[in-house]
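See below for the structure under consideration.
The values are calculated or read from the model by the stated rules, or taken from the named source; none is laboratory data. Keep in mind that what you see is a predicted model, and the values were worked out from it rather than measured. All Cβ positions, glycine included, derive from the backbone under ideal geometry; neighbour counts span all protein chains shown.
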Ligand code: SAH
C-alpha cells in the first residue's frame, strides 16, 4: 500500500477511466481516504479495490481529479513529467519541420498526458499556463524541466483563464524566469513574421493552432478581394497579402489586436494600401457591408469559441448560422468561404449542417473543397475527444 491518499469510485463509475479518459468528476467519487490538499497526488481505485490511476486532486472543481498516469508503477513526480515533456517535444520535432516556424505549442495539456499544462514557444521565450491544481502543485518542477528541455531561459506565465478559476486558483501572470526581452517578441511562421504580445495578447499571444490553415488559405488568396472576419493580429490577413491577395478587409472588435496587425504588415514590408481595417462587431459589420453593396471573392471567418461544451451547442449554432449566412451574401460566384469553429461543443458534423442551413437560406450552392483541423502541435488522443476542438471548411460558391 502506498502512503498517498486514496480516492475510491462509486460502483460502475470506473468505466471512463478504463477507457483512459483522464477526468474524474465529483459525482463518480465514493470515498476519499486521507486529507489531500489541492493538487496532491491521490491513488484512484475502483469500488472493488482495483488500482485505476494516479491523479491530481482538485477540491474546488467539478473535475475533482485529473489523471497523471494509468500505470501503478508510474508515480507522479519530476521523472514522469520529464518523460512526458520529452515525448511531447519529440512529437513536435517529428511533425513540424524547423523551417516551418519558431513558434509552436510544446505541451497541450491532456493531449500530451499532462492535464492542465500548456507551454507555447515563441522564438526564445516560453509562455506557460498552469490550468489545473495538479500543475500548480508541481509548477516549480515543471518550469525547471521545460526550461532545460526546450532551451528557452525566458518564461512568461499566462495563467489567467476561466479554467483556472474553476480550479479555484487565482490568476497569475508575468515573467517567471529569466530576464525580459529588450523589445517585442517576434516569430516567423511559414515565412511570415509576426510580433506577438505574450503579456497582454489573447490566449498565450497567438493562435498557433491555425498555423497551417493560415498558410493554406493564403495560397488560395492570389488575386482575390478578401474579407477576414475575426482577424485578431492579422494572421490570415498577412498570409493572404504576402501571397498576392488583391486586398484584405480585416474586422475585429479588439483595437489593440488591430494595432498589432498593422505593425505586422509593416514588419513584412507589405504595402498598406492593400489592407483595410475595421474595428467592429462582425455580426453587425457583415450586415453593413451588404447595405453598402460590397462583394468579396474570399471570406475567412474564425470567431472565438461560441460553445465551450455541448450544452451551449444550440445557442452557438445560431451564432455560426448568422455570420456564415451573412458572409455568403457577400460572396461572389466562384468565391471561397473558409469558415472555422473552435467550439468543443460543436462537432464537425453539426458545423457542416449549420453551413448547409446557411447556404439554403442564402439561396446558394456550396462545394465542399477542403476540411481543416488544428496544426499537429495540438495533438488529439482518441480517448480524449475534448482535445479535438478546431474544425474548418473551405466552401466554394458555385
Ligand atoms: N484568425 C485569428 C484568430 C482569431 S481569434 C488568427 O489567425 O490569429 C478570434 C478574434 O475574434 C479575437 O481577435 C477577438 O478579439 C475577436 N472577436 C471576438 N468577438 C468578436 C466580435 N463579435 N466581432 C469582432 N471580433 C470579435
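Values as computed for the structure displayed
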| read-out | value |
| --- | --- |
| Scope the stretch 318-359; condition farther than 16 Å from residue 390 by Cβ, in a helix (DSSP H, G or I) and more than 16 Å from the ligand (Cβ to nearest atom); matching residues | 328, 353, 356, 357, 358, 359 |
| The lone exception for residue 162 - which of (1) without any contact (Cβ under 8 Å) to a residue 40 or more places away in the chain; (2) under 30 Å from residue 59 (Cα atoms); (3) within 16 Å of the ligand (Cβ to nearest atom); (4) crowded, with 21+ Cβ neighbours inside 10 Å it fails | (4) |
| Checklist (1) surrounded by fewer than 18 Cβ atoms within 10 Å (Cβ to Cβ); (2) over 23 Å from the mean Cα position of the chain (by Cα); (3) at pLDDT 95 or above applied to residue 1, failing item | (3) |
| Candidates 271, 279, filtered to the one that is in contact with a helix residue (DSSP H, G or I) (Cβ under 6 Å, 6 or more places away or on another chain) and within 21 Å of residue 241 (Cα to Cα) | 279 |
| Yes/no for residue 275 being modelled with pLDDT under 95 and more than 9 Å from the ligand (Cβ to nearest atom) | no |
| Residue 194 being touching a residue at least 12 places away in the same chain (Cβ under 8 Å), surrounded by 20 or more Cβ atoms within 10 Å (Cβ to Cβ), touching a strand residue (DSSP E or B) at 6+ places or on another chain (Cβ under 9 Å) and part of a loop (DSSP other than H, G, I, E, B) | no |
| Residues of the stretch 206-248 classified as buried (at least 24 other Cβ atoms within 10 Å of the Cβ), in contact (Cβ under 8 Å) with a residue 40 or more places away in the chain and more than 10 Å from the ligand (Cβ to nearest atom), total | 5 |
| Residue among 98, 117, 106 that is without any contact (Cβ under 8 Å) to a residue 60 or more places away in the chain and either within 25 Å of residue 257 (Cα to Cα) or exposed (fewer than 14 other Cβ atoms within 10 Å of the Cβ) (or both) | 98 |
